[in-house]
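Below is one structure, written out as structure tokens; the observations come after it.
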Amino acid sequence: MAMGNIKIAPSILSADFAKMGEEAESLERCGADLIHCDVMDGVFVNNITFGIKMVEDIRRHTALPLDCHLMIVHPEKYVERFVKAGADIVTVHFEACRENLAGVLAQIRAAGAKCGAVVNPDTPAEALREVLPLCDMVLVMSVFPGFGGQKFIPEVLDKVRFLRDFAGENGLSYDVEIDGGIAPDTAKEAVKAGANVLVAGSAVFRSADRAAAIAALRG
Ligand code: DX5
Ligand code: ZN
């Protein structure tokens, strides 16, 4: 995969929540391709972030696609509202949907957004086999979700390779996104394995020069 096709999706989990509009504008100016919105409910994960209204308000500050990663139980109750609020891509966890995953992906599509399935580090990629033809994106978690600033788990790269190969062998064109502990070194490994969308929270927000940090992730 050519480096030119790599998309960088900074995660606003690491932004200043009291200035989210300005943060979104800054990411757009600094060369981000997507804005990754981490929605956490305090039940699916041990942290609480923001919900539908935050997405709606950010929408007014940027033209970039909003990539909404729902770390919530019962995502089927909320996906239409996230799309209506301005989400361009909505991803839902296998662990939150289980046998209803295909149905939730179809709901997202029907509401007018791109859809994606997410797997935690301890869920095999094979769990997604049946829904892969329905996905615009597949998100491989490279940390256990809940917090920014954790260490990249290299074993998940096997899943990235599996997903990229599966797409090639089956004529599918989903994006492969990776999320957690992405910095220039791990970004390089992830791209080599076949990821083409890189989420990065602390690597962008802890840097004094966000444009340089985003450029460095592109390799
Ligand atoms: C983790 C979130 C990630 C997180 C990544 O639960 O889904 O998007 O913000 O943060 P870093 O890049 O700091 O690991
Ligand atoms: Zn995320």
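Any read-out appearing in this document is the output of simple, stated calculations on the displayed coordinates, not a laboratory observation. Because the structure is predicted, anything quoted here is derived from the model rather than measured. Note: ideal-geometry Cβ built from the backbone for every residue, glycine included; neighbour counts use all protein chains shown.
So the values come out like this:
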| quantity | calculated |
| --- | --- |
| Net length gained if the chain between L172 and E130 were fully extended (0.36 nm per residue, minus Cα distance) | 13.9 nm |
| Stretch gain in nm, segment A111-K84, where the contour uses 0.36 nm per residue and the Cα spacing is subtracted | 8.9 nm |
| Segment 83-195, relative contact order in percent, only Cα pairs under 8 angstrom and at least six apart counted | 22 |
| Prolate/oblate/rounded call for segment 132-175, Cα gyration tensor, a/c under 1.5 rounded | oblate |
| Distance histogram for segment 7-218 (every C-alpha pair counted, 10 angstrom bins, percent rounded to whole numbers) | 9, 38, 39, 13, 0 |
| Efficiency of FRET from Cβ geometry, D158 and V43, R₀ 25 Å, rounded to 0.05 | 0.30 |
| Contact order normalised by residue count of the chain, Cα under 8 Å, 6+ apart, percent | 21 |
| The chain: Lys pairs at Cα distance under 18 angstrom, eight or more positions apart or on different chains | 12 |
| Antiparallel bridges, percent of DSSP beta bridges restricted to the chain (to nearest 5) | 5 |
| Cα gyration tensor category, rounded, prolate or oblate, for segment 79-181 with a/c compared to 1.5 | oblate |
| Calculated FRET efficiency for the pair E22/K77, C-beta based, R₀ 30 Å, to 0.05 | 0.45 |
| Total formal charge among the other residues, if their Cβ is under 11 angstrom from that of V204, Lys/Arg +1 and Asp/Glu -1 | 0 |
| Estimated 222 nm signal from helices in the chain, with DSSP H stretches of n ≥ 4 weighted -39500 (n - 2.57), rounded to 500 | -9500 deg cm²/dmol |
| Loop sites in segment 100-173: trypsin sites (Lys or Arg not before Pro), DSSP, at most 14 other Cβ within 10 Å | K151 |
| Extension gain, S207 back to R29 (0.36 nm per residue minus Cα-Cα distance, nm) | 62.6 nm |
| Between segment 32-105 and segment 129-182, the alpha-carbon center distance in angstrom | 17 |
